[in-house]
Each structure stands twice: as structure tokens, then as C-alpha cells.
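> Next up is a structure, given as C-alpha cells.
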Amino acid sequence: MDATPATVTTTKVTAIPGDGIGPEVMRATQQVLAAAGARLEWEDALAGAEAFRKGIVSGAPQETLDSIARNGVALKGPLETPVGYGEKSANVTLRKIFEMYGNIRPVREIPGLRTPFSGRGIDFVVVRENVEDVYAGVEHMQTPGVAQTLKLITEVGCERIVRLAAALAVAEGRRKVTVSTKANIMKLTEGMMKRVGEQVLKDYPQLAHEHMIVDNCAHQMVIRPEQFDVAVMTNMNGDILSDLAAGLVGGLGVAPSANLGDQVAMFEAVHGSAPQIAGKGLANPTALLLSAVMMLRHIGDFATAAKVEHALYVTLEEGVDLTGDIAAPGQGVSTWAFADRVVANLGRESAKVPAREYRPLEMKRWPAITWYRAATTRELVGVDVFVESERDPRAIGITLQAAAEGSAFTLEMISSRGAQVWPDLGGNTFLVDHFRARFMFKEAPKGNGIAEITDLLQRIGRQHNWMHIEKLQRFDGADAFSRA
Ligand code: NAP
């Protein structure tokens, strides 16, 4: 049973009803919370389709941002990005503006909801890094036929999310943290998550720690999901696996989530605005209600959180007055009848809610300054130059070798999409017009190497279109680049 706080004061919460079924599930949730005695004061705020239509390109007006900043806690319905009104989602904007770097997705068997996994006792949390990775959205067409996105992973980003996962495990009395990565292929980016995870989790001797390659993690989540307790991942892996995990316990329609940052926490259902059923009183408010339970714990009202959670579980278990998405065929009731039933069940206890001693989540506070990681030594050893060419690798090799003659560099190799094609290894790599040529300094440059690189680029530019360069550096004696 949850610990009851000594005093519960009123907390102001920004309520963003959002689009489609959002206003309905928000109203139902607020009704249950009020009946449960939650000491909340709501501040309604606009975001989503209506904001876009008013010409607010971010999808969230300044008053909404001010309200979230002031209150530090928000409960949010789904937001749409209407076609023809900008290309950025208001959800992503809100996460980025308030640096809500931790996406928390509990995955727990829901009573009364039959799935192929019912009875397995699934009860774990996916912790997804929420602001880095390929979601930085830094993309370029390097040639008319070759696109590139930057996968940006920072050491501090990995540390923040792993510490959050560990803190969550401690707060919820969980025992194990699984760091899941693709470090076997992306040794620098995903490998950073693995390395930092191993380092950071040494600070939590009470928690078991394991590393799992992400593809196997997907497999294990389906084969033996009960083995997981807390699983932490970079953004894209977490995006995919948290949805997979939600599918194990009834799907996105009943999945809650939290987005946590140092200053702001925003709670929301995972589902979207379900426009087909919007305004008809058919929507199931379970996911938003479970998100609100997470919010109550976040603000320290553990007792009301437990009360609402038990009432919801009793309702789902008894199976009377369920919404159409989870009721027996033809038995579905309205959003309001369901909420009324949950209210009627307040004070009852469900044996299906796992006994868990929740404690406040102790999140490390990160200083609001530019994070800078110094290296004791750095060397510039070469440069990768990306060139567009319709010629074959042998011909490109000849021209690039000639270009490098008399320069500070030698051509070491050429690769196509990561596979070496010059010198020829005898393979049969399919070629596209996009090559990476690796030039190494013949001897260490005296200065910063910029004059030598500029000279090389001018030489290459006489024969080839180059799009992009990348310095090859060594930090603290270790290569800061991948091998071909
Ligand atoms: P969706 O809104 O989640 O709806 C998919 C289907 O799931 C619905 O048609 C409905 O199925 C069912 N469903 C979802 N939530 C339900 C609930 N609470 N109660 C009952 N049934 C529910 O996904 P979508 O159609 O892909 O997305 C619609 C819009 O929402 C898009 O504009 C998308 O961008 C946005 N979206 C926003 C968020 C967010 O704000 N976090 C997240 C996802 C999507 P039936 O039709 O079978 O009843």
C-alpha cells in the first residue's frame, strides 16, 4: 500500500484537453480525481489543432507554455497536427521546450482485459530517452537520392536517463535495470548508452543490472516479458519497444505515460485523438486516468493515487460498465457511465494491484549551464570527405589519390554506405552515388589542421562534388570515429 504523505496541499495543474476524444477523457478523469478527493486546481490551456489553426506554428500558445512553466505539472490529452499547418508536432515541441528527457511507460497487466499474455504477471516500466537520438531532426539530402539523419547521443543525456531509470526502480521498489542498446553495431552512439549505463548503475548496488541487445530485447519482451523490471533505452529504440510492450497488456488505448524533466512533468495517455469516435462519448478514459495516477504520485499524493488505481482496477475486474473498446460485444457503455462506475468503486480495494511501496522519485537536478566534457588530449589524425560521384570506385580512387598528391594527406580507403569499396576487397557492394573517402594526415599537423583540410577540399573540389566532411579525431588516446 502507498505511503500517505504527512500533508497534502493543493497543487495547480495545467490541463490541456487536446483534440478529438481528449476533452472527453479529460473531463472523465477530472471527475474521478475530484470524487477521490485529489487536492488539485486545474488551469485549462490550449494546444494542438485549434492552436495551429489560429496560426501558432508550434501548436502551443505562449499562455500554455507560461502555464506549464508556472505550475511545473501538466495533464495532457492527445494533440493533432492538422495537415497544412506546419510540420512539427506540438507534443515534440512541448517535450523539447521543457527538456522533458524522460519518457516513462509502465507496462502492467490490466485486470479484465484479456490478451494473449493475461495471467503472466507482466509488470515493468520502459524508460525512454525523450529528446536526443535521431529525433534531433537534423536531416540533409546529401545527393538527390541519398538522405542522411544525425543520430546525436550525448554522455550527459545517457547519464540523465539511466539515473532516472535507477531512481524510478528505487522509488517503486523494483530490483533490476535492463539497459538495452544496439551497441554491437553503433559502438559510439548506442555504445555510449551501454558504457554510461554500466558506470552509472555502479552507484546503485541494490539494483541488479544487465545489458541486452535491443533486437533480442524485443524478442524477450514477447517470449518472456515477466523477466523485465525497468528497461531503459535511447529514444528510437524506446519509442518502438514501449509500443511493443503496450501491446502485451492491452494496447495503446489503455497505456499511460509520463514525460519528466528537471522543471516540468507532463502526463498523458499514449493513444491519439481517435477522431472516428470523438465527441460520441465512446472513449475509454483508462489511459488518461492511469496517467493521472502517475501524476498524483509525482506530486506526492500517494494515498489518492492508490485510491483511484484500486477503484479503476475493481471496475475493470468486475467488468460491469466498461466502454465499448474493452466490453463484451454489444455491452459497451459511455465514457461517463464508466467514470461513474469508477467513482462508485472509490474506497474498494483490488487484489490485482501489485503491492508496491511507492516512494518519492528522487531525480538528480542538472545545472542549467552548457554541459562541457573536456578531453585531456586530442589529436586530429585525418578527415572523412563525402563525395557524390557516378564513377566506379577504382576511378574515384585514382582521382582522389591524385588530388591528395602534394597535400598533407594520403587516401586510406573509400566506402559506400559503410562498406569498403576501395581498395577493392572483392565483394559485390551495390553502389550508389555517395562515397566516403578517408584521408589520413601523413604526419600530425602543426596547428589546428584547418589550412591542410581546406587545401585538400579545394583539390578534391576540382574533380568531385563533396557534400560533407567529418574530422577524424582521437580523444584521450582513443579513436573518436568508427572503422569502415
Ligand atoms: P489513435 O488516436 O490512438 O486511434 C487509433 C484507434 O484506437 C482509434 O480509432 C480507436 O479505435 C482506438 N482508441 C484510441 N484511444 C482510445 C480510447 N481512449 N478509447 C477507445 N478507443 C481508443 O491513433 P491515430 O488514429 O493513429 O491518431 C489520431 C491522431 O492522434 C493523429 O492526428 C495523431 O497524430 C494523433 N496522436 C497524438 C498523440 C499524442 O498527442 N500523444 C499520440 C498518438 C497520435 P476504434 O476506431 O476501433 O474505436
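> Going by the conditions given, is E50 without any contact (Cβ under 8 Å) to a residue 40 or more places away in the chain and charged (D, E, K, R)?
yes
> Of A28, A69, A34, which residue is buried (at least 17 other Cβ atoms within 10 Å of the Cβ) and either among the aliphatic types (A, V, I, L, M) or within 16 Å of the ligand (Cβ to nearest atom) (or both)?
When all the criteria are applied, what remains is A28.
> Quick check on this structure: which one of S58, S89 is surrounded by 17 or more Cβ atoms within 10 Å (Cβ to Cβ) and of a type outside the set (F, W, Y)?
Matching residue, one of S58, S89: S58.
> In this structure, does A136 turn out to be of a type in the set (A, V, I, L, M, F, W, C), in contact with a Leu (Cβ under 6 Å, 6 or more places away or on another chain) and under 25 Å from K364 (Cα atoms)?
yes
> Taking the residues in segment 244-257 that are open to solvent by 20 Å² or more (accessible area, probe 1.4 Å) and hydrophobic (A, V, I, L, M, F, W, C) as candidates, determine which candidate is farthest from the ligand (Cβ to nearest atom).
L244
> Given L288, L241, which one is within 16 Å of the ligand (Cβ to nearest atom) and crowded, with 20+ Cβ neighbours inside 10 Å?
One residue alone meets the criteria, L288.
> Is it the case that segment 228-235 has a residue that's within 16 Å of the ligand (Cβ to nearest atom), surrounded by 17 or more Cβ atoms within 10 Å (Cβ to Cβ) and modelled with pLDDT of 95 or more?
So the first thing to find is which residues in segment 228-235 are within 16 Å of the ligand (Cβ to nearest atom), and the list is 235.
Okay, now just the ones that are also surrounded by 17 or more Cβ atoms within 10 Å (Cβ to Cβ), so 235.
Next cut, modelled with pLDDT of 95 or more only: 235.
Checked against the condition, which is being within 16 Å of the ligand (Cβ to nearest atom), surrounded by 17 or more Cβ atoms within 10 Å (Cβ to Cβ) and modelled with pLDDT of 95 or more, segment 228-235 yields at least one hit.
> Same structure, new question: Looking at (1) open to solvent by less than 30 Å² (accessible area, probe 1.4 Å); (2) farther than 28 Å from Y358 by Cα; (3) assigned to a loop (DSSP other than H, G, I, E, B), which is the one condition that is false for P111?
Against the list (1) open to solvent by less than 30 Å² (accessible area, probe 1.4 Å); (2) farther than 28 Å from Y358 by Cα; (3) assigned to a loop (DSSP other than H, G, I, E, B), P111 comes up short only on (2).
> While we're here: If you take the residues in segment 398-419 that are within 44 Å of the chain's Cα centre (by Cα) and open to solvent by 60 Å² or more (accessible area, probe 1.4 Å), which one is modelled with the lowest pLDDT?
R417
> Could you grab me the full set of residues in segment 258-282 that are under 19 Å from the mean Cα position of the chain (by Cα) and within 8 Å of the ligand (Cβ to nearest atom)?
If the condition is that a residue be under 19 Å from the mean Cα position of the chain (by Cα) and within 8 Å of the ligand (Cβ to nearest atom), then E268, A269, V270, H271, G272 are the ones that fit.
The values are calculated or read from the model by the stated rules, or taken from the named source; none is laboratory data. Model, not experiment: these values are computed from the prediction. Quick reminder, even Gly has a Cβ in these numbers, built from the backbone with ideal geometry, and neighbours come from all protein chains shown. With ligands, DNA and RNA removed, areas are computed over all heavy atoms of the protein, side chains included. Shrake-Rupley method; radii C 1.70, N 1.55, O 1.52, S 1.80 Å.
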